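What follows is a short report on a single structure.
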Amino acid sequence: MVLSDGFTDIAPGKLATIVTSLQMFNSPELPEPETGFTSSLRQIPQPDVDWYLRLYRRVGEDWLWFSRLQESLSMLESIIRDPGVEIFALTVENEEKGLLELDFRTDGECELAFLGITADLQGCGLGSQLLDYGIKQAWSKSIDRLWVHTCTFDHPRALELYRQAGFIPFKMQLEVLDDPRINGTIPKTAAPHIPLFEP
């Protein structure tokens, strides 16, 4: 219900987030990635679904990533093994701790579908390096547009990071959804910065 002061009540068991979509139409000038960084990043062709979900959870659970967890296994496999989807894993100290996913399935454009590192790596610059690499990799193909969306569930610096890299916001939306911590998709302890209101 929209109240007279402009606020809207969100029902228990639901979540609301502001989604901002950003885009760029030309490859920006970016620094060359460090040698040690690129040697720790590898593309995973035809990834195994179980492997993908483990890394997806490891990187995204703190930020309430759950869309891939609600796909059927057959649907998810068809997405991540599609020739138009490129998936990269960042390895630090022999453990995979970063995920980059680029989606080229729409002609002439690329969606930066997922980008993230584990919480223990945040603040050391690896997120920025992973973003720069993703942008360069996207523009190495014949595209006219690169786009990404972020939301208020994500790291508080995510929007700033994308804008600093050259993305321009073009759309803002309100998304209301079922809280995935209630139906067991992800643990109730996930994303403690987002209040949990059980019905």
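Tabulated values for the structure
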item	result
Filter pass, residue 103 being under 17 Å from the mean Cα position of the chain (by Cα) and under 15 Å from residue 21 (Cβ atoms)	yes
Any hit, the range 90-97, residues being under 29 Å from residue 174 (Cβ atoms), of a type in the set (D, E, K, R) and either modelled with pLDDT of 95 or more or over 18 Å from the mean Cα position of the chain (by Cα) (or both)	no
Options 187, 180: the member that is open to solvent by less than 30 Å² (accessible area, probe 1.4 Å) and part of a loop (DSSP other than H, G, I, E, B)	180
Only listed residue being modelled with pLDDT under 95, touching a His at 6+ places or on another chain (Cβ under 9 Å) and open to solvent by 50 Å² or more (accessible area, probe 1.4 Å), chosen from 173, 122	122
Selection count, the range 90-119, where residues are in contact (Cβ under 8 Å) with a residue 40 or more places away in the chain, part of a strand (DSSP E or B) and under 22 Å from residue 159 (Cα atoms)	7
Of all residues in the range 22-48 being outside any loop (DSSP other than H, G, I, E, B) and in contact with a Phe, Trp or Tyr (Cβ under 6 Å, 6 or more places away or on another chain), the one that is modelled with the lowest pLDDT	41
Selection count, the range 160-170, where residues are open to solvent by 60 Å² or more (accessible area, probe 1.4 Å) and either free of Cβ contacts under 8 Å to residues at least 24 places away in the same chain or not in a strand (DSSP E or B) (or both)	3
Residues being farther than 16 Å from residue 14 by Cβ and within 19 Å of the chain's Cα centre (by Cα) - total across the range 188-199	3
Subset of the range 101-119 that is open to solvent by less than 30 Å² (accessible area, probe 1.4 Å) and acidic (Asp, Glu) - its residue that is nearest to residue 56 (Cα to Cα)	101
Subset of the range 49-79 [outside any helix (DSSP H, G or I) and surrounded by 14 or more Cβ atoms within 10 Å (Cβ to Cβ)]	64, 65, 66, 71
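The values are calculated or read from the model by the stated rules, or taken from the named source; none is laboratory data. Keep in mind the model is a prediction, meaning the values are calculated, not measured. For neighbour counting, all protein chains shown are included, and Cβ atoms are generated from backbone atoms with ideal geometry for every residue, glycine included. Protein only, heavy atoms only, side chains kept; ligands, DNA and RNA dropped before computing areas. Shrake-Rupley method; radii C 1.70, N 1.55, O 1.52, S 1.80 Å.
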